[in-house]
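Data first, discussion second: the structure below is written as structure tokens.
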Amino acid sequence: MSHFEYRGDSLYAENVPLAAIAAAHGTPVYVYSRASLTENFLAYANACRAHGRADGRGALVCYSVKSNSNLAVLSLLGRLGSGFDIVSGGELLRVIAAGGDPRKVIFSGVGKSREEMRLALSHDILCFNVESIPELHRLNDVAGGMGKRARVSLRVNPDVDPKTHPYISTGLKENKFGIAFEDALDTYRVAAGLPHLEVTGIDCHIGSQLLDDAPLLEALDKVIELADRLHELGIMLHHLDIGGGIGITYDDERPVAVADYLSRLFTRIDGWRREQHGGKPIDILFEPGRSIVGNAGVLLTEVQYLKHGATKNFAVVDAAMNDLMRPAMYEAWHGVQPLQRRDDAGKLYDVVGPVCESGDWLARERRLALAPGDLLALMSAGAYGMTMASNYNTRGRAAEVLVDGDRFMLIRQRENPADLFALESIPE
Ligand SMILES: *Cc1c(COP(=O)(O)O)cnc(C)c1O
């Protein structure tokens, strides 16, 4: 269910008219719905529960922090029982600042530094998702130096085509991510031979915005095959991590329901454990990002100027590619809804920002009835929106607001331009 809907001609987030938020905090501003975030997380948690895996026992949802890392979002999810999938030391510090449990943190990414490894080990995180042999050696070194053993999982590359945008597909042979399927057994042998590592799991993450779960289940089958081969070598795994990747509706996409995907996945896993391992359970980890936050957020912006040309009409708004990079980067499509609907057929507009790049567009060829000063919502902007924002053109990043029923709270102040150059200095 969407918590961003019209009541009469006004667009609301839960019980709050979005125009009230723009009036209180200005634009551009990201707005998130607490009810949406909660429902989207519970879709995973309840599906785990329905398959006998309750309260983090037998399954753990590790929310992908990079999709939306605001402390208020992390805190809400942490209190619902979420673990966290991080890709940097900075994200670990965010999780801790938000009150998240570091022992429910898994650390992904191809380029972990020694400092990041030390930080994560000092907080006793659940597992490192390791992506190469040199990374295994570095982690073994760092853990040894601290007198610790690091729990590791290897990110294998199942070479499955997720049929998504090339920039967000990660599980093909030619991608930089993971360990090639055919090298996985040898890499596990290396890991098992290193004294300061404890091999605990296997993981994969094949891509993002997957509408169908067939590629995920295909990847699962390949991971299961590897787990069995490892078992024969005497390497027992405690967990299997299938990554994130479930898509959302931006326009008219119809993504698989999380409950249906998890039901097929758990059925497959339970059957496998019964047949091959005498019913011995294995923990299942998920790393969802977009499917939890994507449709729980919008970006509000104000129309500055209308330019009506011979071939094109432009609506110049106060949000730009630095606020929401997805259209410029992936040609991503975001819905555009006026906060106040007009009774007018409108015109076709390209919605563009003030940044000095032709690539600075947010939406193209949309039929809108507009006047300068109108407010618009860019829909489905909760994931990879604010976290990918930059300060290009010395634009302060947007404010963020969380709606909860009838109330709304500022959860990040708008950046002040003076802050943007505060760390700079002019040589004598
Ligand atoms: C980005 C990422 C995710 C989250 O992907 P979504 O498509 O947002 O669910 C999960 N795991 C890893 C390793 C990632 O890099």
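Every number in this text was worked out from the coordinates using simple rules, so none of it is lab data. This one's a predicted model, so the numbers in the text were calculated from it and none came from an experiment. Positions of Cβ are backbone-derived with ideal geometry, glycine not excepted, and every protein chain shown enters the neighbour counts.
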**OP:** Springs between alpha-carbon atoms under 10 Å, Gaussian network over the chain: tell me which of GLY335, GLY26, GLY373 tops the mean-square fluctuations.
**Re:** GLY373
Original post:
Cα gyration tensor of the range 344-428, axes a ≥ b ≥ c as square roots of the eigenvalues: rounded (a/c below 1.5), prolate (a/b > b/c) or oblate?
Top reply: oblate
Original post:
Hey, got the dipole for the range 93-147? About the Cα centre, +1 on K and R Cβ, -1 on D and E Cβ, debye to the nearest 20?
Top reply: 100 debye
Original post:
So what is the relative contact order of the range 168-308, in percent, for Cα pairs below 8 Å that sit 6 or more residues apart?
Top reply: 24 percent
Subject >> Magnitude of the charge dipole, the chain, Cβ model with Lys/Arg +1 and Asp/Glu -1, debye to 20 >> reply: 620 debye
Original post:
Which whole-number percentage describes the relative contact order of the chain, with Cα contacts under 8 Å and a sequence gap of 6 or more?
Top reply: 19 percent
Subject >> Mean residue ellipticity (222 nm) of the chain, computed from DSSP H runs ≥ 4 via -39,500 (n - 2.57), nearest 500 >> reply: -9000 deg cm²/dmol
**OP:** Would you be so kind as to identify which of ALA328, SER153, ALA363 lies farthest towards the positive end of the dipole of the chain, taking Lys and Arg as +1 and Asp and Glu as -1 on Cβ and the Cα centre as origin?
**Re:** SER153
**OP:** Could you tell me the distance between the Cα centroids of the range 342-389 and the range 252-283, to the nearest Å?
**Re:** 40 Å
Original post:
Which of LEU139, LEU18, LEU119 moves most in a GNM of the chain, Cα contacts under 10 Å?
Top reply: LEU119
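Report the local net charge at ASP344: Lys and Arg +1, Asp and Glu -1, summed over other residues whose C-beta lies under 15 Å from its C-beta.
Numbers: positive: ARG341, ARG342, LYS347, ARG366, ARG367; negative: ASP9, ASP343, ASP374.
Residues near ASP344 contribute +2 overall.
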**OP:** Filter the cross-link list LYS112/LYS148; LYS66/LYS176; LYS176/LYS222; LYS66/LYS112; LYS104/LYS148; LYS148/LYS176 down to pairs whose alpha-carbon distance in this structure exceeds 26 Å.
**Re:** LYS148/LYS176
**OP:** With a 10 Å radius around each residue's Cβ, average the other Cβ atoms per peptide and rank 290-298, 342-350, highest first.
**Re:** 290-298, 342-350
Original post:
Among GLY52, GLY309, ALA399, which residue has its Cα positioned farthest towards the positive end of the charge dipole of the chain, with +1 placed on the Cβ of Lys and Arg, -1 on the Cβ of Asp and Glu, and the dipole taken about the Cα centre?
Top reply: GLY52
**OP:** Would you mind telling me which residue in HIS239, HIS25, HIS308 has the biggest mean-square fluctuation in a Gaussian network model of the chain, where springs connect alpha carbons within a distance under 10 angstrom?
**Re:** HIS308
Subject >> Rounded tilt (10° steps) of 258-277 against the dominant C-alpha axis of the chain >> reply: 0 degrees
Subject >> Those lysines that a straight Cα-Cα span of less than 18 Å connects to LYS347, excepting residues fewer than 8 apart in one chain >> reply: LYS307, LYS312
Original post:
On average, how much area does the Cα convex hull of the range 309-375 cover when viewed from any direction, in nm²?
Top reply: 4.7 nm²
**OP:** Report, in degrees rounded to the nearest 10, the 0 to 90 angle that the Cα long axis of helix 133-145 makes with the longest principal axis of the chain.
**Re:** 80 degrees
